[in-house]
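**Q** Dropping a structure here in structure tokens format, bear with me for questions.
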Amino acid sequence: MLPFLFLPTIATVIGSVSAIPISNQQPLGDRLWRSNGDINNVDSPVGSSSPRGLTGRFLHITDLHPDTHYKTGKSVDEDDACHWGKGPAGYFGSQGGGCDSPFTLIDETFHWIEKNLKDQIDFVIWTGDSARHDNDERIPRTEEEVSTLNEIIAGKFIDTFKKGSAQTLSIPIVPTLGNNDIMPHNIFKEGPNRWTKKFVDLWEKFIPEIQRHTFVEGGWFTSEVIPNKLAVISLNTMYFFDSNSAVDGCSSKSEPGFEHMEWLRVQLQLLRSRKMKAILIGHVPPARSGSKRSWDETCWQKYTLWVHRYRDIIVGTAYGHMNIDHFMLQDSDEVDILDAKERPVFSIVPGDTTGEISAQSRASYLASLREDWSKMPTPPRGMLDAMHELFDDDLTELDEDTGYEASISKKKKRKFLEKIGGPWAERYSVSLVSPSLVPDYFPTLRVVEYNISGLADATTWAESLDQDAAIGSPSPETNKDDASIEKKKKKKKHKKKRPHFKVPEPPSSTAPPGPAYSNQPLTWLSYTQYFANLTKINEHMTKRKKPAGSSANLTNIEVNKAYETDGGHGAFAFEVEYDTSNDEIYKMKDLTVRSFFKLATRIAKDSSDKSFFPADNTNVDDQLGNETDTVDNVDYDDDLEPQTKKKKLRNKVWRTFFERAFVGLLDSDDLDDISE
């Protein structure tokens, strides 16, 4: 039994950090302006009032996989890869066909970004895989090709976001290495190596000068996207990736994964000392559900400990690689750093040879996530969504006569909150995984909106006169010295079994919750998921210039000529798939951890569990009396709907999550087939 929960929203200012919700933030494109209802903040400055001010949005793009060998009208079979034979390969890509991206898709994507997003975002995170898969034995990849494709994509970003005719960027672009950006794919040796030396030049415009040495050493770096306020830390997840046979986890000091974690700890500690915040990005996400995983267990253990200890610093984390739209929760209660046992190997890409991932294997993975979420702490029966008001100010409110559900004992409420890490659910952290541009399903882009309250006067990246004023990161050698000093200390004390590395300090006991937990400046508020419906676009492109009176589709040559004539701009566009700020299914107030905890419990809810519902089956509002906050209150019955065929209740939140994972490409029958 996993009833639907919404954790408390604390509106008061705690400590020195403002928890005031965003107000007067400008919408993106045609989105309606929205307010989080803070009547005390109506006069706060508009974030985009200055032409060069912050907009409160950033773009996440991942897994482009450009393919110069792609040909329209070729076979989408695995062995043909849209290179050979005859088949339905579309002009802008083959949705669901397992082929990589034609450059028509790449070009039109950047054209659309330049036209619709360029002046609407503050920075870009680009989470890897900008070369084609090695999935055609007749055209094997070469190092030169992999480098050239990455150079081309880097050039696309520069051309799109350059200032006028100059090669200077108008906003920061923060890339990270993918498992297909190297050769052989997945295999990344300890740095410095030929790939770190190659990419430090390919990404010259993206890596701060002071970080170049650090990048050559290990393929990781930090970029201050809002100087002195917010840094994006680009992780090299190749050293954590369980499929990288060149390395062995994060436990041994001789391994680059160990060094990487030490470096990350130092960066987060420096940011804490500077009162800055951080976003972590990487290619391969820390997937771990049941016996399934994508990272080495020792790396997952350290990472989960790190993000928990630095929860006052980390705003959010974002990844790619898996090509499906979803999120995952890291549970700090599962950290056992002294006894990180090996778990059964699970490759997110079965066999990990072609880059193909079956919908069935992805469905199995999503089901395992749901199963894990069903085991999370369960709130007392009757502790309903609207009860967040009970905790608005302080947990001491539990001792007062609130009039809410007398059957729920104060002790049970308090015990539940203790289990999840308090009213902010600080036991957990969240990793967001964006679907890909490569059309495994439909091509996608994601725009994240974040809180810029109080940041109207912040210096933007473009305004920063000295780009070398980025974080003065200690070199890897400094980190090693730090670790060796720690080792010497441990040698003097053998009474207890202790970690052989420096364990990060937790936030101060008086520190307010971080921006990942409480809505405050830099908190992620929502994201808009865009997709390009290639089914419609390719059909339109093929038929748009048919000869008068002809019923035949255009030939490939004619389509090419039509595209070259007007760029195909009239045919190609991204559209909104869903927007979490106004989505009627997810009903997320913001992107804080407790919002995702709430969503996870709703996804995991068993539709056959009648104990979820109030005993008398009355409306939630009726139970609570004169409740007026209808935005946050949820009719629990709405989460479940009857299935037409089987005539039984189905969890429509899970169904929507499942459907969106595949970017809406699969129809109802296909979803039923792979979910069984």
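The values are calculated or read from the model by the stated rules, or taken from the named source; none is laboratory data. The model shown is predicted, which means the values in this text are computed figures rather than measured ones. So basically every Cβ, Gly included, is an ideal-geometry build from the backbone, and we count neighbours across all protein chains shown.
**Q** Output the residue which, of all residues in the range 185-208 that are free of Cβ contacts under 8 Å to residues at least 24 places away in the same chain and part of a loop (DSSP other than H, G, I, E, B), is farthest from Val433 (Cα to Cα).
**A** The selected residue is Asn193.
**Q** Do we find that Lys275 is more than 23 Å from Phe501 (Cα to Cα) and either modelled with pLDDT under 95 or part of a loop (DSSP other than H, G, I, E, B) (or both) in this structure?
**A** Yes.
**Q** Here's another thing I want to ask about it. Take Ser429 and decide whether it is at pLDDT 90 or above, among the polar types (S, T, N, Q) and surrounded by 19 or more Cβ atoms within 10 Å (Cβ to Cβ).
**A** yes
**Q** Out of Ile158, Ile113, which single residue is over 24 Å from Leu432 (Cβ atoms), modelled with pLDDT of 95 or more and part of a helix (DSSP H, G or I)?
**A** Exactly one residue qualifies, and that residue is Ile158.
**Q** Here's a follow-up. Yes or no: Thr304 in a helix (DSSP H, G or I), of a type in the set (Val, Ile, Thr), closer than 28 Å to Val653 by Cα and at pLDDT 95 or above?
**A** It is true that Thr304 is in a helix (DSSP H, G or I), of a type in the set (Val, Ile, Thr), closer than 28 Å to Val653 by Cα and at pLDDT 95 or above.
**Q** Restricting attention to the range 222-239, report how many residues are touching a residue at least 60 places away in the same chain (Cβ under 8 Å) and touching a strand residue (DSSP E or B) at 6+ places or on another chain (Cβ under 6 Å).
**A** 8
**Q** If only one of Ser518, Ser508, Ser453 is within 21 Å of Leu54 (Cα to Cα), assigned to a loop (DSSP other than H, G, I, E, B), out of contact with any strand residue (DSSP E or B) (no Cβ under 9 Å at 6 or more places or on another chain) and at pLDDT 90 or above, which one is it?
**A** Answer to the check: Ser453.
**Q** I would also like to ask the following. Of the residues Met322, Met328, Met261, which is part of a strand (DSSP E or B) and either hydrophobic (A, V, I, L, M, F, W, C) or under 27 Å from Ser374 (Cα atoms) (or both)?
**A** It is Met328.
**Q** While we're looking at this one, here's another question. Within the range 551-605, how many residues turn out to be in a loop (DSSP other than H, G, I, E, B) and at pLDDT 75 or above?
**A** Total satisfying the criteria: 18.
**Q** Also: Quick one: how many residues across the range 278-295 are among the aromatic types (Phe, Trp, Tyr) and either in contact with a helix residue (DSSP H, G or I) (Cβ under 6 Å, 6 or more places away or on another chain) or part of a helix (DSSP H, G or I) (or both)?
**A** 0
**Q** For Val447, are the conditions met, namely being touching a strand residue (DSSP E or B) at 6+ places or on another chain (Cβ under 9 Å), within 28 Å of Trp300 (Cα to Cα), in a strand (DSSP E or B) and in contact (Cβ under 8 Å) with a residue 40 or more places away in the chain?
**A** Judged against the criteria, Val447 is a match.
**Q** Give the residue that is surrounded by the fewest Cβ atoms within 10 Å (Cβ to Cβ), with candidates limited to residues of the range 90-110 that are within 21 Å of Pro140 (Cα to Cα) and either touching a strand residue (DSSP E or B) at 6+ places or on another chain (Cβ under 9 Å) or at pLDDT 95 or above (or both).
**A** Among them, the one singled out is Phe103.
**Q** Scan the range 419-440 for residues that are under 28 Å from Met376 (Cβ atoms) and either part of a loop (DSSP other than H, G, I, E, B) or acidic (Asp, Glu) (or both) and report the count.
**A** Result for the range 419-440: 10.
**Q** One residue is enough: does the range 167-175 have a residue meeting the conditions modelled with pLDDT of 95 or more and in a helix (DSSP H, G or I)?
**A** No: the range 167-175 contains no residue that is modelled with pLDDT of 95 or more and in a helix (DSSP H, G or I).
Quick grid of which residues meet (1) out of contact with any Gly (no Cβ under 6 Å at 6 or more places or on another chain); (2) crowded, with 16+ Cβ neighbours inside 10 Å; (3) closer than 16 Å to Asp67 by Cβ:
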position	(1), (2), (3)
Lys115	yes, no, no
Asp119	yes, no, no
His133	no, yes, yes
Phe161	yes, yes, no
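**Q** Could you grab me the full set of residues in the range 72-86 that are at positive phi and surrounded by fewer than 24 Cβ atoms within 10 Å (Cβ to Cβ)?
**A** Gly73, Gly85
**Q** Quick check on the range 636-674: of everything there that is among the hydroxyl-bearing types (Ser, Thr, Tyr) and surrounded by fewer than 16 Cβ atoms within 10 Å (Cβ to Cβ), which residue is modelled with the lowest pLDDT?
**A** This residue is Thr644.
**Q** Please work out if Ala166 is surrounded by fewer than 16 Cβ atoms within 10 Å (Cβ to Cβ) and not β-branched (Val, Ile, Thr).
**A** It is true that Ala166 is surrounded by fewer than 16 Cβ atoms within 10 Å (Cβ to Cβ) and not β-branched (Val, Ile, Thr).
**Q** If Ala166 passes every condition in (1) within 24 Å of the chain's Cα centre (by Cα); (2) closer than 30 Å to Leu455 by Cα but one, which one does it miss?
**A** (1)
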